[in-house]
Number of protein chains: 2
Amino acid sequence: MSDNLSNAKKHTDLSTFIAEKIREDILTGTLVADDRLPSESELSEAHGVSRATVREALKRLAAQSLIRTKRGATGGAFVNRLTFHDAYPQMASTASLLITLNEVDIATACEARFALERGCVRLAAQNRQDIHLDIMRREIARQKDPDLSDEDFCASDVAFHRALVDAAGNPVLSWQLAAAVEGIEPLMNMITYRQRDRDAVVSLHEAMLEALGSRVGSRLETLMDYLRDQTLRTALS
Amino acid sequence: MSDNLSNAKKHTDLSTFIAEKIREDILTGTLVADDRLPSESELSEAHGVSRATVREALKRLAAQSLIRTKRGATGGAFVNRLTFHDAYPQMASTASLLITLNEVDIATACEARFALERGCVRLAAQNRQDIHLDIMRREIARQKDPDLSDEDFCASDVAFHRALVDAAGNPVLSWQLAAAVEGIEPLMNMITYRQRDRDAVVSLHEAMLEALGSRVGSRLETLMDYLRDQTLRTALS
DNA sequence: GTTTGACAAATTGTCAGACATTTAACTTGC
DNA sequence: GCAAGTTAAATGTCTGACAATTTGTCAAAC
């Protein structure tokens, strides 16, 4: 098999190289969403490598959600659409991994989360829809249930803040915050909430709901600061 | 070869399944950083699949930076340490891909970037070191050079804001903002700066440097708002 | 005309075995 | 003790085959 790749980078394996090349085509728009790549046999001929090598390259791309594969007559590898929604879990999982592997303490994680969220609240106050208020009202009601487990309380908290961020109406913000908030959920899950702590959080949530309803961004910022302090106190107690 | 995987999920291929299994081991701490995985042959025997399938699984993990491989006698697949620093490019590249593939307009991207960055400036004012001021001073000096290309001006802008965010002293924040700022760099690169626009940006940067130096967070927030408006005006003109 | 069923074709998924390449450790000769 | 060659272990690559899945085609039956 001819080595028409001999001019390539010397010290990377072929599957990386080929994956990189296809990735380029996707990034530059040569290949667009739902395009079908050539079959594995065609790719192996085109690049002068074996089918096994091509497959390894395709697996790399699949692991990054850049392509999907389908078997059968009309099957093959197709360029993924990669919506923000699809990228949520990937992002959150990476964030979670980074935080646990690097032993980030809960104070640092909280600080980051509230700092980012604080940046969104003015936009949220400006762009919020009624549906966001409805979601937040519903979650507050759940949070008032004293029989809720700490884990469920935390999950409801995430949903509440997710709605707050979504209210900003900016998909990029929602995506980034989803990572920040959901990525540190494992850490938050280790917090033990006493009833007094929960009451404090819930009343802050209610105040935030009202501020968002009347579109007072500056009030929301102040409340976020209170909430950050409250959460830190609870976490470190 | 026996099918001791027959109890697995039916509709996913084996390489996905095996990759998922190893990924679990890393996430749960069964495998920790720098641990060596069994060799490909051993893995193929252990899972009852061929070596080719194991390799595809390993390529998937490598594409997510979860493992690295080394050739030779003491080689093999090793669990990656995955520091925040290593995750920067991965994150920025995903952000960039999402933004281009979903045709996010420059206004939305800018809005997100400045909203997030605004959330950091109070922390930055609180925790900044002299080195951050030095970096920012240096970049401002570069930005005053009228012969600088738009692209270089933009790159210097990124470095300036990177220093601002790093001043907050929170690795989680730095990581997230790196994605936001560098991910939209391709979009920012399409902006044409007139000299008047550059002057406006530079004078805002100078004011921010001074505010950060004297640790006045609220002033920084105001300046960020000006900068956002200025950037949007430039971008949309 | 429509449905049904069998078959062919295309494509990915998996396997087995081989050889190439790289790297570290070991052995040997001096 | 040191240098050079040898060996062993591991990943990287190739080849050819077969299995599994999906769609299309075509003919026969109704």
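Nothing in this text is a laboratory measurement; each read-out follows from the coordinates by a stated rule. If you're wondering where the values come from, they're calculated on a predicted model, not measured in any experiment. All Cβ positions, glycine included, derive from the backbone under ideal geometry; neighbour counts span all protein chains shown.
Take the Cβ atoms of residue A:41 and residue A:127, set R0 to 56 Å, and the FRET efficiency comes out at 0.65.
Between B:177, B:14, B:66, the Gaussian network model of chain B with springs among Cα atoms under 10 angstrom shows the greatest mean-square fluctuation at B:14.
Length available on full extension from residue A:105 to residue A:34: 0.36 nm per residue minus the Cα-Cα distance, which gives 21.4 nm. If you take the square roots of the eigenvalues of the alpha-carbon gyration tensor of region A:55-126 and sort them as a ≥ b ≥ c, do you get rounded (a/c under 1.5), prolate (a/b over b/c) or oblate? Here region A:55-126 falls in the oblate category. Report the Stokes-Einstein translational diffusion coefficient (µm² s⁻¹, integer) for the protein assembly as shown, Rh taken as the Kirkwood radius over Cα pairs, at 4 °C with viscosity 1.567 mPa s. Here the translational diffusion coefficient equals 53 µm²/s. Evaluated over chain A, the count of Lys pairs having alpha-carbon atoms less than 22 Å apart is 7 (only pairs 8 or more residues apart or interchain). Relative to one another, the C-alpha centroids of region A:105-161 and region B:135-162 are positioned 38 Å apart. So how far, in whole Å, is the C-alpha centre of region A:196-225 from the one of region B:6-64? A separation of 46 Å, based on Cα centres.
Over region A:14-79, Cα pairs under 8 Å with separation of 6+ residues give a relative contact order of 42 percent. Using Cα atoms only, what is the angle between the long axis of helix B:217-236 and the major principal axis of chain B, expressed in degrees (0 to 90) to the nearest 10? The two axes meet at around 90 degrees.
Compute the projected area of the convex hull of the Cα atoms of chain B, averaged over all viewing directions, and report it in nm² to one decimal place. Walk me through the intermediate numbers first.
Values: hull surface 67.0 nm².
So the mean shadow area of the Cα hull is 16.7 nm².
Both the radius of gyration and Dmax for region B:1-104 are 15.8, 50 Å, in that order, over alpha-carbon atoms. Between residue A:145 and residue A:51, the distance separating the two model label sites (each 7 Å from Cα on the Cα→Cβ line) works out to 5.4 nm.
Compared with the dominant principal axis of the Cα atoms in chain A, helix A:171-183 is inclined by about 80°. Extending 7 Å from the Cα toward the beta-carbon at both residue A:215 and residue A:236 defines two label points whose distance is 3.8 nm.
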